[in-house]
Structures are given as C-alpha cells and as structure tokens.
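Have a look at the structure below, then the notes.
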Amino acid sequence: MTEKFSPAVSVIVPVFNAEKYLPDCLESILAQTFADFEVIVVDDASTDASLTVAENFRARGRAVESHFTADEHGKSFRAAKCRA
C-alpha cells in the first residue's frame, strides 16, 4: 500500500489568464529550499493556456495539482478560502 502525500504546506495559486507569468511563478515556488509542500493551481476559467502550463508542470512530476473552473470569475478565491 502506498502512503498518501500529506504536505505540511499547501500553496494555492489562483489564476486567470496568467499564461505569460505562471511559469516564472511556479518555478519560483518550486525552487524553495523548504520541500514539504504542494502547489495547487486553481484556474478560474482562463481563456489562454494557463491550465496547459500548470498541467505541463504536473506532467513533469512536479508537486503541482491543477483545477479548472469553467464558469464565473472569483470561484478560485472561494475554493482557496474553503481549503484553508
């Protein structure tokens, strides 16, 4: 049986049309010396490739999880607030 990853810290990154800035953001977070964390990208119905960027980080085996909200703006903030 495999153990479930339970990080000490969850870093939640709400995103809306941030394709241009998201790679630098995620690289900066993942470059931290503290390693016991996960990154959760919540895409708030972006019309650019923000979700693709997050999925590419996830596919490379990075500690990145991504979620897409298909409707109105602001849900990513509420989702992050509920997770806290």
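Restricting attention to region 36-54, the residues that are among the charged types (D, E, K, R) and either within 12 Å of GLU19 (Cβ to Cβ) or surrounded by 18 or more Cβ atoms within 10 Å (Cβ to Cβ) (or both) add up to 3. Any idea which of VAL13, VAL39, VAL53 is modelled with pLDDT of 90 or more, part of a helix (DSSP H, G or I) and touching a Leu at 6+ places or on another chain (Cβ under 9 Å)? Among VAL13, VAL39, VAL53, only VAL53 is modelled with pLDDT of 90 or more, part of a helix (DSSP H, G or I) and touching a Leu at 6+ places or on another chain (Cβ under 9 Å). Contact map, region 25-42: first residue under 8 Å from VAL11 (Cα atoms), second residue at pLDDT below 90 and of a type outside the set (Gly, Ala, Ser), Cβ cut-off under 6 Å, separation 6 or more or different chains; pairs are PHE37/PRO7; GLU38/PRO7; VAL39/VAL64; ILE40/GLU65.
On the basis of being at pLDDT below 90 and either assigned to a helix (DSSP H, G or I) or under 15 Å from the mean Cα position of the chain (by Cα) (or both), does PHE5 make the cut? In short, no.
The values are calculated or read from the model by the stated rules, or taken from the named source; none is laboratory data. On a predicted model such as this, the values are computed, not experimentally measured, just so you know. Every residue, glycine among them, receives a Cβ derived from its backbone with ideal geometry; neighbour counts consider all protein chains shown.
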